[in-house]
Amino acid sequence: MGVSGIVNVLILGVSFLLIFTAFATCGNLVQTITNSVTNSTFTGSGYYSLAVIYGVFSISQLVAPPWVALLGPRVSLIISGVFYSAYAAALTTPKNWSFYPSSVLLGVAAGVLWTAQGLFLTANSNTYNIHKNTGIFWALLQCSSVFGNLYVYLALDGKSSISDKDRRTLLGTLSIISLVGTALFVFLQKPESQEEPLNEGEDLLLETEVISKETVASSLREASTELGVLWRLLCSKNTALLSISMIYTGLELAFYSGVYGTSIGATQAFGSSAKALIGLSGMLVSFGEIAGGGIFGFLCKNSHFRRMSVLLLGLVVHLIAFSLIFLNLPGDAPIVGKGGTWTSPAFNPSVGIAMACSLLLGIGDGCFNTQLYSLLSSLYTANSTSVFTLFRLIQSLSAAVAFLYSGSLILPWQLFIMTLACFLGTLALFHVEKTELCLLGFWDI
């Protein structure tokens, strides 16, 4: 007999917690790590690596369903987890020949991983417990950035630079954590409601999760149909407007998950704590996301007017954060090399302001994303799966573009781009929300 659905959900959640403890931490550190490499033959860029990951992921999520149908969700999760672990392992001793190929493979694996996750979570849920199971999974996943960045803060506290030994210890530990999470996928089983009595010898068939050719062919047809649906959605007026908001979520994702921590770590005015502050910043962003997404997502459920208030709050919070970052951090912080920067911004760099901005970035992101998700869910009840696929596609592509320019644009220009996108994205959300309210007859109330 297999395990119950809730145990499967817990195993799935803990596995993702461990894998993304490693990956989220690697993403936050990767540019700082590549800058610290003493090997003169290594020319890789952490920003470009992340651009490759998100760019490949945007495509792989579209072609992943047939592969998951062929391999089965559990095998797909295991194989994908191995590639996540390989990326962290490749960073222990970065080489030109392995760095970018491992980024490509991780991007492919990400599409397969999230497709398999969705299928497995759905298979272990029903209409009565799907919200509870989803909440458990996402709560565990949100903890990943907290634990990973806490480890970075403790491991690098008091160190003004990351030595080769520090890098190997840090990334080696993260790769092991990711492998443990991958190993837990082995214990996933079919939920009891899906099991049927087996004759002796049929266990092997269950273990290998053989999928019929008809299932794979059906998955290919569904993938082809999905592309047509995505195109029709993108051509609609509301979706075209909301794509501006989706682009903004990708730009800010790149900034808070890779650029901002790098800028803090490169600011020499923070002294020997600069590298450790990368971890503390990542933790505060996570706390802000949990606060902004959890509290406001709960308080503003099914309320059009409260949704607009939270969007306005997210706009104000992000604009305050961008302004303080501009005044507090050196303009060349995102693009300097191993030695960091002593350039003076408008203020004397303050650790307190830098950490407050981390929290504000997380709160604003939580406000913006929860209300965008809420609006998409209410507008596209008949095509919810397709519109969220489109959301992930646009978000990951814009994040890839942001990481590409992050290696060459100084901080003020990056902040200007995000400020403009924040205004336009919020206006687009307000316009679509107003249109919906007018259709419902609420706008004149």
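The values are calculated or read from the model by the stated rules, or taken from the named source; none is laboratory data. Model, not experiment: these values are computed from the prediction. Cβ atoms come from the backbone with ideal geometry, glycine included; neighbour counts cover every protein chain shown. Protein only, heavy atoms only, side chains kept; ligands, DNA and RNA dropped before computing areas. Shrake-Rupley method; radii C 1.70, N 1.55, O 1.52, S 1.80 Å.
Descriptive notes on the structure:
- ³J(HN,Hα), Karplus 6.51/-1.76/1.60, whole Hz, each residue of the range 115-132, x for Gly, Pro: 5, 5, 4, x, 5, 5, 5, 5, 5, 9, 10, 9, 5, 8, 10, 4, 5, 5
- Each part reduced to its alpha carbon centroid, the range 334-371 and the range 125-188 end up 23 Å apart.
- Order by protection proxy (mean Cβ within 10 Å, highest first), peptides 9-21, 326-338: 9-21, 326-338
- The figure for Ser245 is an accessible area of roughly 0 square angstrom, using a 1.4 Å probe on the protein chains alone.
- Heavy-atom accessible area per residue - the range 354-397, 1.4 Å, Å²: 31
- Ranked by the mean number of other Cβ atoms within 10 Å per residue, highest first, peptides 354-364, 164-174 order as 354-364, 164-174.
- Taking all protein chains into account, the per residue accessible area for the range 1-44 stands at 31 Å² (1.4 Å probe).
- Highest-first arrangement of 22-32, 71-81, 97-107, where packing means the average Cβ count within 10 Å: 22-32, 71-81, 97-107
- Entry note: the range 19-173 has Rg to Rh equal to 1.02, where both radii use alpha-carbon atoms and Rh is the Kirkwood radius.
- Computed from the Cβ-Cβ distance with R0 of 22 Å, the FRET efficiency linking Ser350 to Thr419 stands at 0.55.
- Taking other residues whose beta carbon is less than 14 angstrom from the beta carbon of Ser175, and scoring Lys, Arg as +1 and Asp, Glu as -1, yields +2.
- Mean-position separation - Cα centroids, the range 30-94 and the range 248-277, in angstrom: 21
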